[in-house]
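Reviewing the structure listed below.
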Amino acid sequence: MKENELKTMRSSFKIMEERRIDLIHDPRIIKLQERVKNIRKKSVKKIPAMVETARKSFKINGMEFLYAEDSHQALDLIYNLIKNEKMVAKSKSNTLNELGLSDYLNEKNIQLVETDLGDRIIQLKPDDNKPSHPIGPALHLKVDKIAEIISESLDVKVKADPRVIMELVKGNVLEELKSCKIGITGANSVAAEDGSLIMVHNEGNISLLSLMDTHIVVVGVDKLVDTIEDAISVVKLETAYATGTALSSYINVISGPSKTADIEKKLLEGMYGARKVVVILLDNGRQEALEECLWCIGCGSCIVSCPVYNVVGNEFGYRGYLGGRGVAMSRFLQDEKTSFNSGLYMCTLCGLCTLECPVGTPTSEIMEKIRKESKNTGFSPKEHYKIHKSIERKGSPF
Amino acid sequence: MIYFRGCVARLKVKEIGDATETVLNAAGVNFEYLDEEECCGSVLLRTGYGEDAQKLMEKNIEKFKNQTILVSCGGCYRSLKMDYKEMIGAELDVIHTSQLFNELIVQGKIKLKNSREKIAYHDPCHLGRHLGEFEAPRNIIRKVGELVEMEHHHEKSRCCGSGGGVKSAYPELSGKIAREKIKEIEKTGPDLITTTCPFCKLNLSDHGLEVWDMSEFVVMFLEEDK
Ligand code: SF4
């Protein structure tokens, strides 16, 4: 990230921190936090069983259930569903980011419409298309820079005014959505027993996508919880920590395709919403991950205070998984080399993120564990090797 | 009592070792140095060399022989107090210089001069957030002058950028973090800046900040005849 982008990011972070301070200290949120900690800790211990429960519940609810061991399988499954399309639409999703969906579809000559305003801006940016925050992907860009990006990519002259930009992008996206029959989204939480997908958004874009002919939902096994009640608790807490508002404008709970039986009780699918809902549950290394790595609810609170992230930005992280926890996750989603290159040794282990994390993710401890393994396979800075040798020889690093 | 200086104060920022010795002598505290002081193991633990750290720890506890261990460094404090227990089950009696100095003041064994100065304090991650010691250094500062707090302090204090092996592997990154921290410190408009970890002092001063370890601070304001 460029120096001016980092500066804008830091001042956006500061505004976010100030905005949410009262809310996250509200007794109700503190109570919710305890509840969610328990839900997350309990859930990650029984992923295999929950996958089986989810498989059954989704089928009962009339949704197609697919399981992907890794990202290649997931991309194949998606391709199979969309191969006859010229254009598909998506919402903001770290899981889709993890799959590298956008590059993949590019190769396959299928156009992808980003419907989230921040994501759309990042997509249209000519270089560095990585987000800077999981909920506010473009918060490192100033309005005049955004106006420039939009003007150049859409070949119009747009004023550096947030509303004008929003209206323009909205018009452009809506126009493109007319040619889309398939919407692809992630989900913020999944209720295994109920067979329901919970999605949080403010813009209303996920609702639009869920009304297309086919709605494909790609979600990691780490998002599984038992019930809708648990899932709602998780997303409420995520929203509070991520945005500083108690609730998002929309929480969609999707438990089946659109249907009606109003004529002679005969079941018809695809009334206003999707005729077909496909759930792709993705493992991609998650079940091999350290359990504490999977408590995360994706709020981004950790990066806002991280001393490393504040000075280098998304260079410290893996794809949309930003900051230390993202680096740790990349060890399991990819491999040791990837986590090394994402910043495994850039972390000062200061521990502030654990304090800021609503579920207490012990990132510095996780980092130390991964470093131990990583060193044994040769992914360790040579300076640390020298220091270790020096300690062995003369009892001190110097 | 053993005064375990730690590698940074022993070899890089020797003023801290000297200042500590001055304070201990002024207070009439008996202490000794280890014949052969080696690294506590912290550096190895943080960079993935756990097995080597363990060997070093086992060697070190032989030398400690159930004595109280006085440390200058936040990193040593954390490893001796926490990691030795977790890794080799050794519950050591460890005290940080700031805690000892504070006790000596309370007991009247040393006295500090008053001044009107505004004094900022940087909480080292290991001493503060990891092990909860926030007040001892602050109490000492309040004896001298006005304590000024930064935007982020106590458990929310921002790292100086040196820890976790970052200063050696990514010196540039370490510098960037230090400069952000320095900006935050300078916003408080302090006359003096203090901390309680030699490694924090080293990194912050490498990037242009004049910062005193609590031992040097105490020496600076030590009332000669108590
Ligand atoms: S690790 Fe914690 S703070 Fe960071 S995104 Fe996940 S839940 Fe939020």
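The values are calculated or read from the model by the stated rules, or taken from the named source; none is laboratory data. Since we're looking at a predicted model, the values are computed, not measured. Note: ideal-geometry Cβ built from the backbone for every residue, glycine included; neighbour counts use all protein chains shown. Surface areas here come from the heavy atoms of the whole protein model, side chains and all, with no ligands, DNA or RNA. Shrake-Rupley method; radii C 1.70, N 1.55, O 1.52, S 1.80 Å.
Just a few scattered comments:
- Count - residues of the stretch A:375-398 that are farther than 23 Å from B:Phe199 by Cα and modelled with pLDDT under 95: 4
- Here A:Ala231, A:Ala240, A:Ala246 are screened, and the one residue that is within 16 Å of the ligand (Cβ to nearest atom) and farther than 21 Å from A:Leu66 by Cα is A:Ala240.
- Any hit, the stretch A:153-168, residues being surrounded by fewer than 24 Cβ atoms within 10 Å (Cβ to Cβ), outside any helix (DSSP H, G or I) and hydroxyl-bearing (Ser, Thr, Tyr): no
- Any hit, the stretch A:330-350, residues being buried (at least 24 other Cβ atoms within 10 Å of the Cβ), in contact (Cβ under 8 Å) with a residue 40 or more places away in the chain and within 11 Å of the ligand (Cβ to nearest atom): no
- Residue count for the stretch A:306-323, restricted to those that are under 16 Å from the mean Cα position of the chain (by Cα) and open to solvent by 10 Å² or more (accessible area, probe 1.4 Å): 4
- Any chance B:Ser162 is without any contact (Cβ under 8 Å) to a residue 60 or more places away in the chain and either touching a Pro at 6+ places or on another chain (Cβ under 8 Å) or within 13 Å of chain A (Cβ to nearest Cβ) (or both): yes
- Checklist (1) within 8 Å of chain B (Cβ to nearest Cβ); (2) within 16 Å of the ligand (Cβ to nearest atom); (3) closer than 21 Å to B:Gly175 by Cβ applied to A:Ile387, failing item: (2)
- Condition broken by A:Glu373, with the remaining ones in (1) open to solvent by 20 Å² or more (accessible area, probe 1.4 Å); (2) closer than 23 Å to A:Val308 by Cα; (3) at the interface with chain B (Cβ under 7 Å from one of its Cβ atoms) satisfied: (3)
- Pair list, Cβ < 8 Å and 6+ apart or interchain, from the stretch B:27-48 residues that are charged (D, E, K, R) to residues that are surrounded by fewer than 15 Cβ atoms within 10 Å (Cβ to Cβ): B:Glu38/B:Lys59
- Out of A:Ser305, A:Ser301, A:Ser258, sole residue that is assigned by TED's automatic domain parsing to the domain that holds A:Gly343 and either touching a Pro at 6+ places or on another chain (Cβ under 8 Å) or closer than 24 Å to A:Glu193 by Cα (or both): A:Ser301
- Applying the condition of being away from the ligand (no atom under 16 Å from the Cβ) and outside any helix (DSSP H, G or I) to the stretch A:131-152 and asking which residue is farthest from the other protein chains (Cβ to nearest Cβ) yields A:Ala138.
- Filter result for A:Lys382 (in contact (Cβ under 8 Å) with a residue 60 or more places away in the chain, away from the ligand (no atom under 15 Å from the Cβ) and open to solvent by 30 Å² or more (accessible area, probe 1.4 Å)): no
- Residues that are open to solvent by less than 30 Å² (accessible area, probe 1.4 Å) and either within 14 Å of the ligand (Cβ to nearest atom) or among the basic types (Lys, Arg) (or both), drawn from the stretch A:284-295: A:Arg286, A:Ala289, A:Cys293, A:Leu294
- Taking the listed residues A:Lys130, A:Lys86, A:Lys59, the one that is surrounded by 17 or more Cβ atoms within 10 Å (Cβ to Cβ) and basic (Lys, Arg) is A:Lys130, with no other qualifying.
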